[in-house]
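Heads up: the structure comes next, in structure tokens.
The values are calculated or read from the model by the stated rules, or taken from the named source; none is laboratory data. Since we're looking at a predicted model, the values are computed, not measured. Please note: Cβ atoms are built from the backbone with ideal geometry, for glycine as well, and neighbour counts cover all protein chains shown. For accessibility, only protein heavy atoms count, side chains too; no ligands or nucleic acids. Shrake-Rupley method; radii C 1.70, N 1.55, O 1.52, S 1.80 Å.
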Amino acid sequence: MSFLDEFPPQPIVALTPELVTSLRKRTQAVLSYLVQTNSISAYFKESGILSDFRNSVKLTEGGGNPETVYEHYLPFVSRFFEQPCRTSAVENLMAPGLPYFIAHSSGTSGGVTKHFPKYRHPEHMSTSTSQTMQASNPTSKHGGKNCIVYSLGYRQVVESLNEDGDVDRRLPVCLMSTGTIRMYNDMAVERDYIYHTIRVPNNSSPLAVSFIPNYKSFLFMHALFALQEPQVELINTMFSTIFRDFCRVIDEQWETLVQCIDTGSIPELEGSGHVRGNLQSFLPPSPKRAAELRKIGRDVDSPGWFTKIWPGLRTVVAISSGPFQTVVPELRHYIGPDVVLQTLGINCSEAFLALAYDHRDPSLYKVVGSDDIIEFLPLDSPEESKYLTQTWNVECKRKYEVVLTTRDGFWRYRLGDVVEVVGFDPRDGQPIIRYLERRNVHIRLANEITTENQLRDAIGSASEPESLGVISEFCVSPDYRQSVPRYCFFVEPQNKIGSSPASTPSKLHTYLQDHNENYRRDSKAGKISTPVVRVLKQGTFGDFREWKIRTTNAGSGQVKVPPVVWDEGTRKWLEEHVVEEYS
């Protein structure tokens, strides 16, 4: 992982024989560990899809078990949610022992929530976790503070009971980020009442803020304690969309926030009552700091406003590539050109896939080769295990779907994420990749298939002052209100819409025709009409995240706007926030 004072070497486009040998040995060592360790698990012993693999371990040679999907694991994972949950039924289920927590997916796209048991592993199999945790909350050399906007809450707690009915372990069901922080710092749920009273010395917010379930209250409190602290150097929100919501809270609630700092008062906000007393003890009246903030003022129109609030601000940690790149212009307006916008890596509920390679290019990631087995399924090949490609055989500029064999007991699991290989790290040969999109996220109204990437590029072509203006966030849904179906682009501008928004539908239509042959054929045949653009009021997608967190009991930190909306509930909710329409 690249830190601010480090500059990694330029990726190479071909591997040397020595690097190929090194990658083979590393992969075989990881595979040997995984088989030796997880072969005692119930899933490994009982799963029908692993029957051939149990007899001949040939994973690194493209043989052995086929790819798996979540449905293969569901009968096993569901044992954690039986009542009562017996230790005898879940111990050694996917990996040795009991998991420390159970990660849940966000279910943002309307799909059923997936659950992934997460186990504690020895240090040599936890390299990605250690590097990510160290980079997420570093200790400043200058005495600066970090604003860590992560949730420590959970959806539920699974109690694993022994034969006498006593609790062996309490397993929080939570976000991957939440569980990783808890496991790394050994933050058992039984001690949460203690954590409510603590503020980590190099952090601006007390830990109690991270236990607030209401998204807007959660962001307000993090903003309040960040503004109280003039020496903030790093703000970590994981996703750029969450940082955008954080920025807008400061923008829209400026006077209230400064007044709270002046008087040392914690407002009564939804979902904060159980920790309000704890938070109050960390907010004494600070008229001096309030006066400094009032002198700076709500200077939102000036680029780099946040560097006036925090002169030492050096880094914002937030994924800003792939589907999150559209909000970057707005973020840059708040933080200015010199603050580094850095990502930690590609982290999902299933595993840590890759770590940031070069902080100067947030779209570059280095595949993790020390903790899990990562294989690549070429997009232009049949979806069969015999076409899986190993790290030493991938090709530059080629696109692949990622397939994982994890330390937590998932075998050749199809992640669904599509990446492009751009090179290799000359130091150890690990592939350097760019994240592109989800494999099966697309919209189809006739015979065409328009991918997430194509939709994002299309909206980028229309995101200019002379048409719609700068678009911060968007999503697409089918529109059947007319006799001929069409794409509906729900868009939220950064500021005001552009000077000629009525031209946007035809620009989107032309772009899609030029870059998608089947879209062009079907549209000219009268099967697809010109898109409709529906402009949302400012703040809508932030409100969407709050709505999804509240209605799905998700943690404050993982809800994303689905690029393609199919479910009726989400579509109707968005329609209620439309302020303009162009077709």
Please provide three numbers in whole Å: the alpha-carbon extents of segment 336-464 along the principal axes, with the largest listed first.
46, 44, 27
The answer for the net charge of residues other than Asn162 whose Cβ lies under 9 angstrom from its Cβ, with Lys and Arg +1 and Asp and Glu -1, is -3
Share, in percent, of DSSP beta bridges within the chain that are antiparallel, nearest 5:
70 percent
Is the shape of segment 277-319 rounded, prolate or oblate, going by the alpha carbon gyration tensor and its root eigenvalues a ≥ b ≥ c, with a/c under 1.5 for rounded and a/b larger than b/c for prolate?
oblate
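Is the shape of segment 426-506 rounded, prolate or oblate, going by the alpha carbon gyration tensor and its root eigenvalues a ≥ b ≥ c, with a/c under 1.5 for rounded and a/b larger than b/c for prolate? Please report the intermediate quantities before stating the final value.
On the way: a/c = 3.21, a/b = 1.40, b/c = 2.28.
Cα axes put segment 426-506 in the oblate bin.
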Net charge near Thr237: determine it from the other residues with C-beta under 14 Å of the C-beta of Thr237, scoring Lys and Arg +1 and Asp and Glu -1.
+2
Rounded to the nearest 10 Å², what accessible area does Trp573 show when all protein chains are kept and the probe is 1.4 Å?
30 Å²
Over all pairs of distinct alpha carbons, what does the Kirkwood formula give as the hydrodynamic radius of segment 185-342, in Å?
16.2 Å
Just how far, in whole angstrom, is segment 424-460 from segment 548-568 if you go by their alpha carbon centroids?
21 Å
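Taking R0 as 51 Å, what FRET efficiency do you get between Ser281 and Arg54 from their Cβ-Cβ distance, rounded to the nearest 0.05? Please report the intermediate quantities before stating the final value.
Details: r = 57 Å, r/R0 = 1.11.
Efficiency, rounded to the nearest 0.05: 0.35.
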Neighbourhood charge, 15 Å Cβ-Cβ cut-off, centred on Phe282 and excluding it, Lys, Arg +1 and Asp, Glu -1
+3
What FRET efficiency comes out for the pair Glu252/Gln10, r = Cβ-Cβ distance, R0 = 60 Å, nearest 0.05?
0.90
Using 7 Å Cα-to-Cβ label points, what is the Ser39/Ser130 separation (nm, one decimal)?
2.7 nm
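Can you pull the percent of Cα pairs in the chain with separation above 41 Å? If you can, show how the numbers build up before the last one.
Values: 44405 of 169653 pairs.
It works out to 26 percent of all Cα pairs.
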Multiply the residue gap between Asn137 and Gln325 by 0.36 nm, knock off their C-alpha separation, and tell me the result in nm, one decimal place.
65.4 nm
Would you mind getting the accessible area per residue of the chain, heavy atoms of the protein chains only, 1.4 Å probe, in Å²?
40 Å²
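Hey, can you rank 354-362, 477-485 by average C-beta count inside 10 Å, highest first? Please report the intermediate quantities before stating the final value.
Details: 354-362: 21.4, 477-485: 13.6.
Result, highest mean Cβ count within 10 Å first: 354-362, 477-485.
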Please arrange Glu401, Glu18 by accessible surface area, largest first, computed with a 1.4 Å probe and ligands excluded.
Glu18, Glu401
Just give me a number: lysine pairs in segment 492-554, eight or more positions apart or cross-chain, with C-alpha atoms less than 28 Å apart.
7
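Within 10 Å, count the other beta carbons around each residue, average over each peptide in 403-409, 413-419, 533-539, 299-305, and list them highest first. Please list the in-between numbers first.
Values: 403-409: 23.6, 413-419: 21.7, 533-539: 19.9, 299-305: 14.0.
The peptides rank, most packed first, as 403-409, 413-419, 533-539, 299-305.
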Sorted from largest down, what three extents in whole angstroms do the Cα atoms of segment 130-246 have along their principal axes?
54, 30, 26
Using the crude model of +1 on Lys and Arg Cβ and -1 on Asp and Glu Cβ, and no other charge, please compute the dipole size for the chain relative to its Cα centre, in debye to 20.
260 debye
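Hull surface divided by four, with the convex hull built on the Cα atoms of segment 522-562: how many nm²?
If you wrap the Cα atoms of segment 522-562 in a convex hull and average its projections, you get 4.5 nm².
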Normalise the Cα radius of gyration of segment 249-361 by 2.2 N^0.38 Å (N = residues in it) and let me know the number.
1.32
Glu568-Lys25 pseudo-label distance in nm [points 7 Å out on the Cα-to-Cβ vector]:
6.1 nm
Kindly provide the helix-only [θ] at 222 nm of the chain, computed as the sum of -39,500 (n - 2.57) over DSSP H runs of four or more divided by all residues, to the nearest 500 deg cm²/dmol?
-8500 deg cm²/dmol
